[in-house]
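J.: Got a structure for you, written out below as structure tokens; questions coming shortly.
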Amino acid sequence: VPTGTSVGGTTTINSGTCFRTPADVMRRWRFEDGIDGVDPATMAPFFERVEAMLQVGPNDRKHLGAIADIVARGADALGWSHEALNRNAPGCDGQGVCCFGCPTDAKRSTNVSYVPAALERGAMLAHHARVEEVLLAGGRAVGVVARATHGKQGRIRVLAKSVVLSGGALQTPALLLKLGLANSSGLVGHGLTVHPAGSVHAFFDQAVRGWEGVPQGYGVDQFAAEGIRFEGASLPIDIAAPTLPAIGPRWTDFVDRYDHVATFGYMIADSSRGRVVLGPNGKPQMLYVVNDYDRRRMLRAQALLSRLFLAAGASEVLTSIQGVDTLRSVRDVEALEARSESIGAHRIDTSAYHPLGTCRMGSDPRRSVVSPTNEAHDVPGLFIVDGSTVNGPLGVNPQVTIMAMSERAAGFVARRVEGAPVAPPRREPLPEVEFTETMSGTCTFTGEVAPRDAAFTVRCWAPDKQSMFARLADAEGSCLTLTGTASIEGLATGRVCTGTLRMFPKKRVGTLVYDLDFTGDDGVRYHLHGEKSVSAKTVLSGMTTLRTEVALADSGVPVATGTLRFWLKDFFPWLATFRFR
């Protein structure tokens, strides 16, 4: 996990890729963390401000390089979705070293966008100064003390009406742990997500010269629903050579033919979780173990990229898996997939990026570090605004998300400074298993007061009973297929719906998760998401009560929320349909 120190933070050395927060991630924040006011419609103004400041737009085609043509060709042959990525580099000239500092400042990293804008408005910047203390008065944060780390070793004392910590997902929790602040939940440093990543190399007869152009300008999102996203990762030879998957004569041959090598990468929306603790000299140290589910997805990503390159005409494919020979055909890829269960995570050459979530945001002080306003639950006036409060993983590059959540937090900080109330916006091969259930209740639409009647009846089944019950022991749970009908007064009348029911036995919140898609009477596509939370204390109520949200399927914008219940009268009809066959 590469880290460093720079005015402008990691935006100075990132790829410049810009994604808005996926709608399903924001829905997770609302359901699991109680963070109101985070949905595509409410967040749109914040995204727009960020995109305007960064001048976000699609890459210029001439700077995408030959790798984009290769990836597009392979993806088309396989029927996969692909696209040029949006970036924050309007004046890019394609030098290909975005990840090592833009030599022309064409990339709108914060050192050429937000920081100068702040200085023009009267802000002061102290660099090479390390915060050692957060000043408190009456339990409130009222300033900081920092020590100069370069040149004259002086101390800097700043008093303020509010304090904002933005050290990132590694340094912020380390500071809080050293100071013993904001940790009544015991969760400071916990919940680390990192987007494990890797790459695959392929030789082509044509010259590729992947270092000419944007290193990460193109992407494949076909498998985003699985938490696997493909994005470019081409590097100049002097940077790539030390990391190539070969030694000796094989390495020499690789370097000699590097102009014919195409490289593309992947990242995983990890289900593994890590932790930041204090290491030697109080520096942050990461503890992180890749679980088996993520190991399988990393191997799947290696195989999928290999298939893509072969479909694009590669003569040889080199994975980033130790002990795996060069792949020259789809049959070789199939052989790799067949023995993937015997390949440990330690054999996959892995880097990781986008650390998030170590100062969790949530409405419950027992399960989070900061409130939905970014203010620490334990310390009034202390705001934490950085990736540590973004509950990951996102499954996409996070810079726009972090910035948009910072734009949102700025309003709460301003209210605290002005003495106004700080409150977030509110919204109102064995036999298969099979059963049919009916749930009914009400939904309240945005802008309405009176609830509308709602009901749905679905048939649930698992085609592979053995797989289902084997996975019940997995943190990822099992998945059943749903088909049926959905009815919501004034919106859908017995409309056909399809989707999934997922079961997560190890989760306290969202143990049973329903996702249904249907077309309303108005011809618009809708998505219904519902969650049941089953714990030892609420077995009966949890099993019978489904919190729901109806959203526009295309944009993810919520249109209604409500509660559906499994009534006693429906129990015996349900029991009559329950069977293994």
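The values are calculated or read from the model by the stated rules, or taken from the named source; none is laboratory data. Since this is a predicted model, take the numbers as computed values, not measurements. In this analysis, Cβ positions are derived from the backbone assuming ideal geometry, glycine residues included, and neighbour counts consider all displayed protein chains. Accessible surface areas use protein heavy atoms only, side chains included; no ligands, DNA or RNA. Shrake-Rupley method; radii C 1.70, N 1.55, O 1.52, S 1.80 Å.
J.: Among the candidates Gly556, Gly562, Gly494, Gly523, which residue alone is assigned to a loop (DSSP other than H, G, I, E, B), at pLDDT 75 or above and open to solvent by less than 50 Å² (accessible area, probe 1.4 Å)?
T.: On the way: Gly562 fails: assigned to a loop (DSSP other than H, G, I, E, B); Gly494 fails: assigned to a loop (DSSP other than H, G, I, E, B); Gly523 fails: open to solvent by less than 50 Å² (accessible area, probe 1.4 Å).
Exactly one of Gly556, Gly562, Gly494, Gly523 is assigned to a loop (DSSP other than H, G, I, E, B), at pLDDT 75 or above and open to solvent by less than 50 Å² (accessible area, probe 1.4 Å), namely Gly556.
J.: Could I ask something else about it? When you go through (1) under 24 Å from Gly4 (Cβ atoms); (2) hydrophobic (A, V, I, L, M, F, W, C); (3) exposed (fewer than 13 other Cβ atoms within 10 Å of the Cβ) one by one for Ala118, which number turns out not to apply?
T.: (3)
J.: Anything in the range 18-42 that is more than 20 Å from Val369 (Cβ to Cβ) and either open to solvent by 20 Å² or more (accessible area, probe 1.4 Å) or modelled with pLDDT of 95 or more (or both)? List them, or say none. First the steps, then the outcome.
T.: Filtering the range 18-42 for residues more than 20 Å from Val369 (Cβ to Cβ) gives 18-20, 22-24, 27, 39-42.
Residues satisfying the conditions are Cys18, Phe19, Arg20, Pro22, Ala23, Asp24, Arg27, Pro40, Ala41, Thr42.
J.: Considering the range 169-207 alone, what residues qualify as being in a loop (DSSP other than H, G, I, E, B) and farther than 30 Å from Gln302 by Cβ? Spell out the reasoning first.
T.: In the first step, residues of the range 169-207 are kept if they are in a loop (DSSP other than H, G, I, E, B); the result is 180-189, 194-195, 204-207.
Answer for the range 169-207, where residues must be in a loop (DSSP other than H, G, I, E, B) and farther than 30 Å from Gln302 by Cβ: Gly180, Leu181, Ala182, Asn183, Ser184, Ser185, Gly186, Leu187, Val188, Gly189.
J.: For the range 247-276, name all the residues that are touching an Asp or Glu at 6+ places or on another chain (Cβ under 8 Å) and closer than 22 Å to Gln206 by Cα. Even if it seems obvious, please write down each step before you answer.
T.: Applying the first criterion (touching an Asp or Glu at 6+ places or on another chain (Cβ under 8 Å)) to the range 247-276 yields 260, 264-268, 270-272.
Passing the criteria: His260, Phe264, Gly265.
J.: Does Ser162 satisfy being surrounded by 20 or more Cβ atoms within 10 Å (Cβ to Cβ), under 30 Å from Arg328 (Cα atoms) and hydroxyl-bearing (Ser, Thr, Tyr)?
T.: No; evaluated as a whole, the condition is false for this residue.
J.: Checking Thr263 against (1) surrounded by 18 or more Cβ atoms within 10 Å (Cβ to Cβ); (2) over 19 Å from Ser306 (Cβ atoms); (3) of a type in the set (Val, Ile, Thr); (4) out of contact with any helix residue (DSSP H, G or I) (no Cβ under 7 Å at 6 or more places or on another chain), which single condition isn't satisfied?
T.: So the condition that Thr263 fails would be (2).
J.: Condition first: under 15 Å from Ala352 (Cα atoms) and either of a type in the set (Lys, Arg) or in a strand (DSSP E or B) (or both). Now tell me which residues in the range 277-301 satisfy that.
T.: Gln285, Met286, Leu287, Tyr288, Arg295, Arg297
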